[in-house]
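Asker: Let me give you the structure first, and then I'll get to my questions.
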Amino acid sequence: MDDATLAIGEETIELPVVEDSEGGRAVDISALRSTTGLITYDKGYGSTAETESAVTYLNGEEGILRYRGYSIEDLAEKSTFLEVSYLLYYGTLPNAAQLEDYVETIRRHTLVREDMRHLFDVFPADAHPMQMLASATSAMATYYPDALDPLDPVSADISARRLIAKLPTIAAWAFKHSVSQPFIYPRNELEYTANFLNMMFSLPVEQTTPSPAVSKALDVLFILHADHSQNLSSSAVRLVGSGQANVFSSVSAGIHALSGPLHGGANQQVVEMLDAMLADGGNSDSWITRAKDKDDPFRLMGFGHRVYKNFDPRARLIKKYARDVLDEIGTDDPVLELAMELEQHALADEYFVERKLYPNVDFYSGIIYRAMGFPAEMFTVLFAIGRLPGWLAQWREMITDPNSRIQRPRQVYTGATERPYIAMDQR
Ligand code: SDX
């Protein structure tokens, strides 16, 4: 691959160009500062890679998403969430014995330490479950002092499996706390997603039996959220982990990053936006106008993406599941029709077409979650459960990379140049 030539005044330097396994190319500027004193500037990293990665490939122009080379369409149809979690973390599809061992280990670690229950007592009932989830995840590190060394593969593996096993339990307990209901414990005879649904919706006085169709649909939704390369929350996990903080602290940072309305918090914002539109008579015209108005901070939530300049392949699949799940549950949520009408309206509007703003993963997911009985405050928690295997896979790739370095970006300084201290009576 020919080098890139950078001309700086009279001087030119050659910079190596690296090619990735899908033909993408990058200029390696690692030596730029040491050879020229120059740094580069790229707000929001729109054109900058911090790492090589073999975990997930996404092509925003063509709407392609693959985990370890397998398309999400294939995995959604043929795999399970725990199998995808194994695939992302270890890089290969497990054989029968490996999958059995993985599923069994997860099953045996779904219980959290009993004294963790008291952690929830400190939160007000209206605390957002994402805040409780991040706090409890961070607190988990205090229970396993012997397994916190991120550089020890055995500790890393058991910590990763503990997190996959316990996050649904913590999530369900955060919900139960918010509705002042007794906590429901995991039941080892249930498979992963059904176990979570049981902890969410059962009561000590009445066991609910999760419908297999709903459990399967949620398992598929978890698969579709499982990883997305260097998104904000995965980057947060890598950044915190690059200083060799333990994996619980790194994942807690990822949960906090995901909670923002521009990232994972969008799925809750979408349903609240659609409800507001319905309450406003269901006419999306004025909302589309607002979304286009530079002076109005309102954005069409669930639309647009840093990478996808085509349909988000996950949105396409989730839209299909939305109708199936609502029919299966026998509920008819008017916001689904409104969402589809809004999508058509936006995709016919020059503003959205010009900027290549399409529905993203968050546009339809909340409609399904609500039909399943989840309150809007739990939607991003569901995103976190789904994304956890991706965070762990990205973290493991970073921590096992022999060339990994602590992440410490440079800056373009625009502050005051040196000036003398001013005594109080001179100010
Ligand atoms: C996720 O990175 C990932 O992979 C994330 C994710 C994952 O799986 O991890 O895919 C999950 O976070 C999905 C995104 C969920 N967020 C939302 O739905 C919130 C609404 N969308 C936007 O805020 C926005 O589109 C972002 C944050 C998703 C992307 O922002 P960018 O890449 O910084 O794009 P931008 O803000 O520079 O927008 C480009 C233009 C701007 O207009 P101009 O200044 O060029 O005139 O498009 C406009 C923006 O104003 N624009 C929108 C819009 N999104 C972008 N205008 C109206 N409504 C929108 N939703």
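The values are calculated or read from the model by the stated rules, or taken from the named source; none is laboratory data. A quick note: this is a predicted structure, and the numbers were derived from the prediction, not measured. Glycine gets a Cβ as well: all are built from the backbone with ideal geometry, and neighbour counts include every protein chain shown. For the accessible areas, the whole protein counts, side chains as well, though only heavy atoms, and no ligand, DNA or RNA atoms are used. Shrake-Rupley method; radii C 1.70, N 1.55, O 1.52, S 1.80 Å.
Rundown of residues vs (1) open to solvent by 60 Å² or more (accessible area, probe 1.4 Å); (2) in a strand (DSSP E or B); (3) within 14 Å of the ligand (Cβ to nearest atom), yes/no style:
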{"position": "Thr12", "(1), (2), (3)": "yes, yes, no"}
{"position": "Arg33", "(1), (2), (3)": "yes, no, no"}
{"position": "Tyr41", "(1), (2), (3)": "yes, no, no"}
{"position": "Gly44", "(1), (2), (3)": "no, no, yes"}
{"position": "Ser47", "(1), (2), (3)": "yes, no, yes"}
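Asker: Also: Tell me, yes or no, whether region 370-378 has at least one residue that is over 20 Å from the mean Cα position of the chain (by Cα), closer than 30 Å to Gln131 by Cβ and not small (Gly, Ala, Ser).
Answerer: Pass one, region 370-378, residues over 20 Å from the mean Cα position of the chain (by Cα): 371-373.
Filter again for closer than 30 Å to Gln131 by Cβ, leaving 371-373.
If we keep only those that are not small (Gly, Ala, Ser) too, we end up with 372.
Looking through region 370-378, at least one residue is over 20 Å from the mean Cα position of the chain (by Cα), closer than 30 Å to Gln131 by Cβ and not small (Gly, Ala, Ser).
Asker: Filter region 196-214 down to the residues that are open to solvent by 10 Å² or more (accessible area, probe 1.4 Å) and not acidic (Asp, Glu) and list them by number.
Answerer: Our first condition is that a residue be open to solvent by 10 Å² or more (accessible area, probe 1.4 Å); within region 196-214, this holds for 201, 203-214.
Selection gives Phe201, Leu203, Pro204, Val205, Gln207, Thr208, Thr209, Pro210, Ser211, Pro212, Ala213, Val214.
Asker: Mind checking which pairs have a first residue in region 402-413 that is open to solvent by less than 100 Å² (accessible area, probe 1.4 Å) and a second that is of a type outside the set (A, V, I, L, M, F, W, C), Cβ under 6 Å, 6 or more apart or different chains?
Answerer: Qualifying pairs under 6 Å: Gln407/Ser242; Val412/Tyr41.
Asker: Kindly list, by first and then second residue, each pair from a residue in region 299-317 that is without any contact (Cβ under 8 Å) to a residue 40 or more places away in the chain to a residue that is near the ligand (Cβ under 6 Å from one of its atoms), limited to pairs with Cβ atoms under 6 Å and residues at least 6 apart or on different chains.
Answerer: Pairs that qualify, where the first residue is without any contact (Cβ under 8 Å) to a residue 40 or more places away in the chain and the partner is near the ligand (Cβ under 6 Å from one of its atoms), are Arg299/Ala291.
Asker: Follow-up. Among the residues of region 357-365, are any within 16 Å of the ligand (Cβ to nearest atom), exposed (fewer than 15 other Cβ atoms within 10 Å of the Cβ) and under 26 Å from Glu62 (Cα atoms)? Lay out the reasoning, then the answer.
Answerer: Quick first cut of region 357-365, residues within 16 Å of the ligand (Cβ to nearest atom) only: 357-365.
Checking which are exposed (fewer than 15 other Cβ atoms within 10 Å of the Cβ) leaves us with none.
Looking for residues that are within 16 Å of the ligand (Cβ to nearest atom), exposed (fewer than 15 other Cβ atoms within 10 Å of the Cβ) and under 26 Å from Glu62 (Cα atoms), one finds none in region 357-365, hence no.
Asker: Quick check on my filter: what residues within region 308-332 are touching a strand residue (DSSP E or B) at 6+ places or on another chain (Cβ under 8 Å) and either open to solvent by 60 Å² or more (accessible area, probe 1.4 Å) or more than 13 Å from the ligand (Cβ to nearest atom) (or both)?
Answerer: Of everything in region 308-332, just one residue is touching a strand residue (DSSP E or B) at 6+ places or on another chain (Cβ under 8 Å) and either open to solvent by 60 Å² or more (accessible area, probe 1.4 Å) or more than 13 Å from the ligand (Cβ to nearest atom) (or both), namely Lys319.
Asker: In addition: For region 56-68: of the residues being surrounded by 17 or more Cβ atoms within 10 Å (Cβ to Cβ) and away from the ligand (no atom under 13 Å from the Cβ), which is nearest to the chain's Cα centre (by Cα)?
Answerer: Arg66
Asker: Output the number of the condition that Ser229 fails; it satisfies all remaining conditions of (1) part of a helix (DSSP H, G or I); (2) within 16 Å of the ligand (Cβ to nearest atom); (3) of a type in the set (Ser, Thr, Tyr).
Answerer: (1)
Asker: Separate question: Give me the residue from region 92-102 that is open to solvent by 40 Å² or more (accessible area, probe 1.4 Å) and assigned to a helix (DSSP H, G or I) and, out of that set, nearest to Ile158 (Cα to Cα). Working first, answer last.
Answerer: First pass over region 92-102, keeping only residues open to solvent by 40 Å² or more (accessible area, probe 1.4 Å): 92-93, 95-101.
From the residues that got through so far, the ones that are assigned to a helix (DSSP H, G or I) too are 96-101.
Working: Ala96: 20, Ala97: 18, Gln98: 15, Leu99: 15, Glu100: 16, Asp101: 12 Å.
Per the criteria, the residue is Asp101.
Asker: Please tell me if Ser252 is polar (S, T, N, Q), more than 9 Å from the ligand (Cβ to nearest atom), touching a residue at least 12 places away in the same chain (Cβ under 8 Å) and out of contact with any strand residue (DSSP E or B) (no Cβ under 6 Å at 6 or more places or on another chain).
Answerer: Details: polar (S, T, N, Q): yes; more than 9 Å from the ligand (Cβ to nearest atom): yes; touching a residue at least 12 places away in the same chain (Cβ under 8 Å): yes; out of contact with any strand residue (DSSP E or B) (no Cβ under 6 Å at 6 or more places or on another chain): yes.
Here the answer is yes, as Ser252 does meet what is asked.
Asker: Continuing with this model, one more query. Every residue in region 280-296 that is open to solvent by 70 Å² or more (accessible area, probe 1.4 Å), within 12 Å of the ligand (Cβ to nearest atom) and touching a residue at least 12 places away in the same chain (Cβ under 8 Å), please.
Answerer: Lys292
Asker: Pull up region 49-70, narrow it to residues that are farther than 18 Å from Leu232 by Cα and not in a loop (DSSP other than H, G, I, E, B), then point me to the one that is modelled with the lowest pLDDT.
Answerer: The selected residue is Ile64.
Asker: Could you list, in sequence order, the residues of region 184-195 that are under 17 Å from Gly373 (Cα atoms) and surrounded by fewer than 18 Cβ atoms within 10 Å (Cβ to Cβ)? Outline the logic, then answer.
Answerer: Here is the first cut: in region 184-195, the residues under 17 Å from Gly373 (Cα atoms) are 184, 193-195.
Passing the criteria: none in range.
Asker: May I pose another question? From the list Met277, Met273, which one is within 11 Å of the ligand (Cβ to nearest atom) and assigned to a helix (DSSP H, G or I)?
Answerer: Values: Met277 fails: within 11 Å of the ligand (Cβ to nearest atom).
Answer to the selection: Met273.
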